[in-house]
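Undergrad: Take this structure first; my questions come after.
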Amino acid sequence: MGETRKIALTVNGKRYEEEVEVRVTLADFVRHQLGLTGTHLGCEHGVCGACTILIDGLSARSCLMLAVQADGHELLTVEGIAPSAEELHPLQQAFHEHHGLQCGFCTPGMLTTLLEFLRDNPDPTDQEVRIALSGNLCRCTGYQNIVTATLDAAKRMRGAGAQSA
Amino acid sequence: MRPEAETAREEMKPPPFRYHDPRTVSETVGLLASLENAKLLAGGQSLMPMLNFRFVQPDHIIDLNRVEGLSYIRATGGMLEIGAMTRQRDLEFSDVVRARWPIMHEALLQVGHRQTRNRGTIGGSLCHLDPAAELVSLAAGYDATVTVAGPNGERELPFAEFPVAYMTPAIEPNELVTAVRFPQWSEKHAYAFIEFSRRHGDFAITSAAALLEADGAGRITRASVTIGGMGTAPSRAREVEQAITGQAPSLELFRDACESCRKLDAIDDVHAPASYRQHLAAVLSRRALEKAHARLTDAQAGRPH
């Protein structure tokens, strides 16, 4: 085992203190050391977007960060998106209803990417959704249903926001 | 040790290295001076893939992400100064950049994707020096000034002297880039950044960046045209600039002037043959000038663009 460091971070609201090897990527750390295997690894060089997670609310490719760099930060992975074990997030619900996934490999990265996007842009156009997803590859759907699901989720989330406000 | 950690070791891609996370520029310079085979880690959007592939095998990684005072955007006296660790995202969302260096905003929307711009830094882009990188093209187009820190303090170098070879900046192993300055063009200047890539967010196969200023009569008084993705680094199309400066803009003028781009040196690789890039350079530079000129006309008529 090479050089290690102790890091403290919050993942999906839960606090972790872990000893990590300094060369381990954040993606491998999240999957193998924390056991959160919802984050998927496709290409491991920053092309496919499957490993996207939110760091302090901003999307990043976890294969392009070292675990040590997450020290002191707050992470959100796909496991932390749903409000409870019984209930899906409106974005997940829309993916389910509109067939926004087939094999599901790219879905964790799609959801995290879109969560940030819809927060910053709650009423996007079809074209804006497509640009937002340009860094996430899907080999099953042809993207059409992902775009449809996203636009529907945006509508539901705007409705929910208006109700609570 | 938990069993998952055993798996983690098999899953590891980057080669072994020692990790350093200095807090100051002087500490960083000290590390660079004392360590052999060290690599600086900025936003990691190019270095991390290279580590995952083991294209690079540094003995030491010096992480700049916790160095204080390297992330800022300052616009003073007609000059935009950007700290080397400023994220591409921060530039994209900067109001002052959008208002006074609008081509930077336009170019940034074509730099990778949201996920990579959230991490990628301007200093990292400049030092990685990819021939097709948008921010590198802008540094060439604006004649930016790069600030470099080393054991003897700071030095400044004009961007024209920054690239020394393919993906090789003119910085010594014991130096780091700390900032870059972009001069402002007149309030009524016009601009356009156009690139051709296979998919949105991919590196450009070829790009063109144009800046224009005109006098009251509409005659071009100043022009900057930069072609990216052609040679070993983005470079100015001087022949085009000279051909259009002092002239009244017209589609014929732009078309004829941009033909000279077909003579520029171009790389031949898996993405496109040299002749294709030369063709793109002529077409994209013409389109960039046409778009910039349309904006110039709008600005002079007081129409927003």
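The values are calculated or read from the model by the stated rules, or taken from the named source; none is laboratory data. The model shown is predicted, which means the values in this text are computed figures rather than measured ones. We place every Cβ from the backbone using ideal geometry, glycine too, and count neighbours over all the protein chains shown.
Undergrad: Only one of (1) under 24 Å from B:HIS200 (Cα atoms); (2) away from every other protein chain (no Cβ under 14 Å) fails for A:GLY159. Which number is that?
TA: (1)
Undergrad: Going by the conditions given, is B:THR145 under 26 Å from A:GLY46 (Cβ atoms) and crowded, with 17+ Cβ neighbours inside 10 Å? So that I can check it myself, show each step before the final result.
TA: Working: under 26 Å from A:GLY46 (Cβ atoms): no; crowded, with 17+ Cβ neighbours inside 10 Å: yes.
Considered against the rule, which asks whether it is under 26 Å from A:GLY46 (Cβ atoms) and crowded, with 17+ Cβ neighbours inside 10 Å, B:THR145 comes out as no.
Undergrad: Give, as residue ranges, the strands (runs of 3 or more DSSP E) completely inside region B:48-126 that count at least 1 residues that are of a type outside the set (A, V, I, L, M) and either within 11 Å of chain A (Cβ to nearest Cβ) or closer than 30 Å to B:SER197 by Cα (or both). Explain how you work it out, then say what you get.
TA: Numbers: elements: B:60-63, B:73-76, B:79-83.
Ranges flagged: B:60-63, B:79-83.
Undergrad: Being of a type in the set (A, V, I, L, M, F, W, C), at pLDDT 95 or above, touching a Ser or Thr at 6+ places or on another chain (Cβ under 7 Å) and buried (at least 18 other Cβ atoms within 10 Å of the Cβ), is that true of even one residue in region B:35-42? Even if it seems obvious, please write down each step before you answer.
TA: As a first pass, look at region B:35-42 and keep what is of a type in the set (A, V, I, L, M, F, W, C): B:35, B:38, B:40-42.
Checking the rest, the ones that are also at pLDDT 95 or above come to B:35, B:38, B:40-42.
Among the residues that remain, those that are also touching a Ser or Thr at 6+ places or on another chain (Cβ under 7 Å) are: B:42.
Right, trim to buried (at least 18 other Cβ atoms within 10 Å of the Cβ) and you get B:42.
Yes: region B:35-42 contains one or more residues that are of a type in the set (A, V, I, L, M, F, W, C), at pLDDT 95 or above, touching a Ser or Thr at 6+ places or on another chain (Cβ under 7 Å) and buried (at least 18 other Cβ atoms within 10 Å of the Cβ).
Undergrad: Going by the structure shown, is B:ASP269 assigned to a loop (DSSP other than H, G, I, E, B) and surrounded by 14 or more Cβ atoms within 10 Å (Cβ to Cβ)?
TA: In short, no.
Undergrad: Let me ask something additional. When region A:103-138 is examined, which residues are found to be within 18 Å of A:LEU76 (Cβ to Cβ), surrounded by fewer than 16 Cβ atoms within 10 Å (Cβ to Cβ) and acidic (Asp, Glu)?
TA: A:ASP120
Undergrad: Please enumerate the residues belonging to region A:7-24 that are within 14 Å of chain B (Cβ to nearest Cβ) and part of a loop (DSSP other than H, G, I, E, B).
TA: Scanning region A:7-24 gives A:VAL22, A:ARG23, A:VAL24.
Undergrad: Hey, another quick one. Please go through region B:71-95 and give me each residue that is polar (S, T, N, Q) and surrounded by fewer than 19 Cβ atoms within 10 Å (Cβ to Cβ), ordered by number. I'd like the intermediate steps shown before the answer.
TA: Narrowing region B:71-95 to residues polar (S, T, N, Q): B:71, B:76, B:86, B:88, B:94.
Residues satisfying the conditions are B:SER71, B:THR76.
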